[in-house]
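The values are calculated or read from the model by the stated rules, or taken from the named source; none is laboratory data. Everything numeric in this text was worked out from a predicted model, so none of it was measured. Cβ atoms come from the backbone with ideal geometry, glycine included; neighbour counts cover every protein chain shown. Note: accessible area is taken over every heavy atom of the protein model, side chains too, but ligands, DNA and RNA are not part of it. Shrake-Rupley method; radii C 1.70, N 1.55, O 1.52, S 1.80 Å.
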Amino acid sequence: MGNTDTCEAALQRVVDFFEQLQPADVARIADIYTADAQFKDPFNEVQGVPAIEAIFAHMFRELDAPRFVITQRVQQGAQCFVTWDFLFGMRRFDAGRTQTIRGASHLVLREEAGVWRVAIHRDYWDAAEELYEKLPVVGSLMRWLKRRANS
């Protein structure tokens with residue numbers, strides 16, 4: 001009997017992985033991504049499992065209690081689009097207060113040896129609105145610039 005993995009099952013594994021992600025799980029990223037996977041977000045553009053692991057390890061080092069909540073998903077074959085809320089605390093600013101970034105990811109799955117994994121992961125979120133405005137000094141400047149642009 002052959003492997004019955006599907007794109008749909010793979011997307012469910014990805015959603016489960018990110019919603020349950022803990023520091024120890026970073027070492028399991030190769031279960032989710034192909035060895036040559038490409039990852040891009042507003043701050044990073046990397047290729048390969050070790051580089052992707054480094055991004056998530058850095059996230060756990062720099063933020064308090066980071067976690068993802070997948071809010072919606074759309075899938076057409078190997079093409080997937082998920083929306084999410086990323087909740088976290090900032091250790092250096094506003095300690096104890098939960099921050100939220102809302103964003104989306106475009107995922108392209110690829111089958112290798114009967115197993116579907118993420119080959120391309122591209123995150124879309126507005127760094128200015130979702131992050132910079134929440135920082136004390138930069139946030140004041142960003143809010144002032146937004147008011148000026150809207151007047």
State the percentage of accessible surface on region 79-119 attributable to carbon and sulfur atoms; use a 1.4 Å probe and exclude ligands, DNA and RNA. 52 percent
Region 1-96: trypsin sites (Lys or Arg not before Pro) in DSSP coil with no more than 14 other Cβ atoms inside 10 Å: Arg91, Arg92
Checked region 31-108 against the a/c 1.5 cut and the a/b vs b/c comparison, axes a ≥ b ≥ c from its Cα gyration tensor; verdict oblate
Would you please give the residues with an amide H less than 5 Å from that of Leu21, counting only those at least 5 places away or on a separate chain, with H modeled from the backbone geometry? Phe68
Karplus-derived 3J(HN,Hα) from phi for region 24-34 (6.51 cos²θ - 1.76 cosθ + 1.60, θ = phi - 60°), whole Hz, x at Gly and Pro, runs 5, 6, 4, 5, 9, 4, 4, 6, 9, 10, 5
State to the nearest 20 debye the size of the charge dipole of region 1-62 about its Cα centre, where the only charges are +1 on K and R beta carbons and -1 on D and E beta carbons. 100 debye
